[in-house]
Amino acid sequence: MENNNEVIFKLNDIGKVFGTTSDTQVHALSDVQLEIKQGEFTAFVGPSGSGKSTLINVMNGFDVPTSGHVLLSGKKIDLMGESELANFRRDHIGIIFQSYNLIPVLTAKENIEYVMILQGIGEEERSKRVKEFLSIVGLEGKEDRYPSQLSGGQQQRVAVARAMVSRPDIVIADEPTANLDSKTGTELVDMMLELNNKYGTTFVFSTHDPMIMEKAKRLVTLKDGKVVQDEVR
Amino acid sequence: MFIFIKIGYKNLFRNKRRSVLTSIVIGLGLASMIITDGFMDGMSENMVKTITTGMVTEGQVHNPLFSDSFDAKDVIMEKDKVEKILSNDAQVENYAKRVISFAMLSSARNMRNITVYGVDPEKEKQVTTTYKYVSEGKYVEDEQSLLVGSLLLERLEVELGDKVVLTVAEAHSGELSQVLLRISGVLTAGSKEMDENAAFIHIKKAQSIFNIGQNYHEIAIKFRDRSVGEQETYPLWAQLNHTGNKGESWKGIVASFTEIMGMVDQSKGIMAFILMLLVGVGIVNTLFMSIYERMFEFAVLRALGTKSREIIIMVMSEAGAMAVMSVVLGLIITVILALPLGLSGIDYGGMEFADVTIREPIFYEFHWSQITSFPVATFMFTVLISIYPAYHAAKVTMAQAIKKTL
Ligand SMILES: Nc1ncnc2c1ncn2[C@@H]1O[C@H](COP(=O)(O)OP(=O)(O)OP(=O)(O)O)[C@@H](O)[C@H]1O
Ligand SMILES: [Mg+2]
């Protein structure tokens, strides 16, 4: 099927080289051309060392590409200064890490609220949204628990809620299920898929798990830093 | 802003033992500064009291020649004018005239060179507490009185009530003049200088044996407020000097003591500096330890859109919370350590320091600054020094931090 929606991410000829001397240099990414459109549910797959994490770090603005440009909603994020990037990330990208996503000294509710506080959203609106998203991720009644009082799967659900609550253009996750058992991992991705279907939230994530790849609507396969297959299903 | 402060202070309690231990170290640093300050000031106040209630008193007037020569003929000039100046000065509570010179005191068995003081007993009691240290017999009462130091008594191998001969040279002729006196009192001041070398007689007797008429050598002054007299610019001194005499406060008279006390103040400062340095290294070390453990967390915070500046606020808040805890602990430690000693005083029982005998126990000298500016300085110092680790946390390299922990 053809997706005619708006382009969120545009990666132009991205190259990323680690190391300075020629014998230590690693070409983690070469000539990556990629567009992510509104409403997609994309998985980055490929063998270990193929460049999935590197690509995701470049998209998040955690790392700067050696060549090429990353455009998010038409803005080159690789050229942004620290403060501008922080604000841009806060407003446009929801990020989920593999684990330890949550601030340990804040409760589930406070973790979800945090980004909205940074955005300057008022208390009433924050409470409303926290409630809404906790129920979306199936954690009603757990809002006052600290991360240490939640299971790994529950922590990842809070992380999903936190990533979505600020209404970003896209949610990006590097192996969000890697630290979960297969069943919990599949449940998490099912939930993400449901959110994608229901609210049209755009997701990009990487994974090794074939069960999870199955669920992706678009599969981008990397090998040696190159996109070798891009399949929309 | 509040959320960063909140996260900061909550972080402090993640490793309670480490935070409490560090706070105890900082608190101990604060406590030792407060206690040192309190007892050093207590000691210097103690010594200053010993000086100013002793024969030195709070201020003196002399003929400038007398200070060097100690010659009986160098009496105070224009004494009526001088006394008028002193009587008219509102800050002068009392003053006492003294005749002072070298003399020889001999018993049937022995003799000693001494300093003899001719004093006006009633006036003298208003300016010094020497009379309180009479251990046997009585203080100077009349022209027959002779008060001698307890050690002098031993040297001369005499006792209270024995007769001794006081020999002096008359002021102008230089001829010897002798009087036979019965020892009517013994002084145990606790200072070797006084107990071994001094004798006191009535001022009239002294004026007559030195043959100086109504003249005298020294005026000892007590002020209503000691600190007023201590000011070199206090107009009284200029007025006195205008009469050709030299008037100065105790600080000028025992200049060597004043100098030593200045050094004590300096070493107090050096000690505070070293303490602060040690405490500072402790704080930085602890903060770095806790920050290194949490680099991934800082990366997460940054990923959520937190700015460097906000992370710095977070870490500084953690340091600030630690500083508050440290100050509280420090003040508790201070009270526990200083209160019992402060109430009972530290008794040095007659030890001499800088030529001054510490007669009374040393008490803790409290200043408001000890519980205001000292803790505030500790707080500010702790928070300021935390900028370094805070900056380090804020600079987290995202790609690196998220890789290291995973
Ligand atoms: N900081 C770095 N310095 C040097 N080389 C690096 C660095 N980070 C990644 N690389 C290299 O870049 C290549 C791509 O790494 P990347 O982490 O993106 O792979 P990946 O697809 O995420 O692998 P995995 O599935 O194991 O997570 C690898 O060859 C890796 O060794
Ligand atoms: Mg990876």
For this session: Taking all protein chains together and a probe of 1.4 Å, list B:ILE26, B:ILE253 from the most accessible to the least accessible.
Result: B:ILE253, B:ILE26
For this session: Please list, in chain and number order, the residues 5+ apart from B:GLY59 or on another chain whose amide H is under 5 Å from its amide H, with Hs placed from the backbone.
Result: B:ILE221, B:TRP250
Problem set entry | Computed Kirkwood radius, in angstrom, where 1/r is averaged over Cα pairs of region B:1-106 | 20.2 Å
Problem set entry | Fraction of beta bridges assigned by DSSP in chain B that are antiparallel (%, nearest 5) | 85 percent
For this session: Please work out the FRET efficiency for the pair B:ARG14 and A:GLU6, using the Cβ-Cβ distance as r and a Förster radius of 45 Å; give the result to the nearest 0.05.
Result: 0.55
Problem set entry | Tilt relative to chain B, helix B:255-292 - C-alpha long axis, 0 to 90 degrees, to 10 | 10 degrees
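Starting from the Kirkwood Rh over alpha-carbon pairs, what translational D in µm² s⁻¹ does region B:57-252 have by Stokes-Einstein at 10 °C and 1.306 mPa s? Write out the running numbers ahead of the final one.
Details: Rh = 17.1 Å.
Here the translational diffusion coefficient equals 93 µm²/s.
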Exercise. Taking a quarter of the surface of the Cα convex hull of chain B, what do you get in nm²?
Worked result: 25.8 nm²
Seminar exercise, completed: In nm, the gap between the two label points placed 7 Å beyond Cα toward Cβ at B:GLU352 and B:LEU278 is 3.3 nm
Exercise. Which entries in B:LYS222/B:LYS268; B:LYS138/B:LYS205; B:LYS79/B:LYS132; B:LYS73/B:LYS204 show an alpha-carbon gap greater than 27 Å?
Worked result: B:LYS222/B:LYS268; B:LYS79/B:LYS132
Problem set entry | Among B:LYS204, B:LYS84, B:LYS222: highest mean-square fluctuation, GNM of chain B, C-alpha pairs under 10 Å | B:LYS84
Problem set entry | Threshold 30 Å² - residues in region B:1-45 whose accessible area is reduced by that much or more when the chain is no longer isolated, probe 1.4 Å | B:ILE3, B:LYS6, B:ILE7, B:LYS10, B:ARG14
Seminar exercise, completed: Highest mean packing first, using Cβ neighbours within 10 angstrom, the peptides B:10-22, B:278-290 sort as B:278-290, B:10-22
Exercise. How about region B:369-400: which of its residues lose at least 30 Å² of accessible area in the presence of all protein chains relative to their chain isolated, using a 1.4 Å probe?
Worked result: B:MET398, B:ALA399
Seminar exercise, completed: Rounded to a whole %, the carbon-and-sulfur portion of the accessible area of chain B at a 1.4 Å probe is 59 percent
Exercise. Which of the lysines could a cross-linker bridge to A:LYS183, judged by Cα under 17 Å and excluding same-chain residues fewer than eight apart?
Worked result: A:LYS215
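Accessible area lost on pairing B with A, both sides, 1.4 Å probe, Å² to nearest 100? Let's see the in-between values first.
On the way: alone 20380 and 11250 Å², together 29300 Å².
Result for this pair: about 2300 Å² buried.
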For this session: Take A:LYS226, B:LYS307 and sort them by solvent-accessible surface of the protein heavy atoms, 1.4 Å probe, largest at the top.
Result: A:LYS226, B:LYS307
Problem set entry | Cα coordinate range in region B:262-301, projected on the principal axes (Å, largest first) | 54, 14, 5
Seminar exercise, completed: accessible surface per residue for region B:57-252, probe 1.4 Å, DNA/RNA/ligands not counted, whole Å² -> 47 Å²
For this session: Give, in whole angstrom and from largest to smallest, the semi-axes √(5λ) of the equivalent ellipsoid of the protein assembly as shown, with λ running over the eigenvalues of the Cα gyration tensor.
Result: 91, 22, 20
Exercise. Averaged over B:294-304, how many beta carbons belonging to a partner chain fall within 10 Å of each residue's beta carbon?
Worked result: 6
For this session: Compute the accessible area per residue over region A:12-158, keeping the other protein chains in place, probe 1.4 Å, unit Å².
Result: 42 Å²
Exercise. Taking a probe of 1.4 angstrom, what is the accessible area of B:TYR348 in Å², to the nearest 10?
Worked result: 100 Å²
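The values are calculated or read from the model by the stated rules, or taken from the named source; none is laboratory data. The model shown is predicted, which means the values in this text are computed figures rather than measured ones. For neighbour counting, all protein chains shown are included, and Cβ atoms are generated from backbone atoms with ideal geometry for every residue, glycine included. With ligands, DNA and RNA removed, areas are computed over all heavy atoms of the protein, side chains included. Shrake-Rupley method; radii C 1.70, N 1.55, O 1.52, S 1.80 Å.
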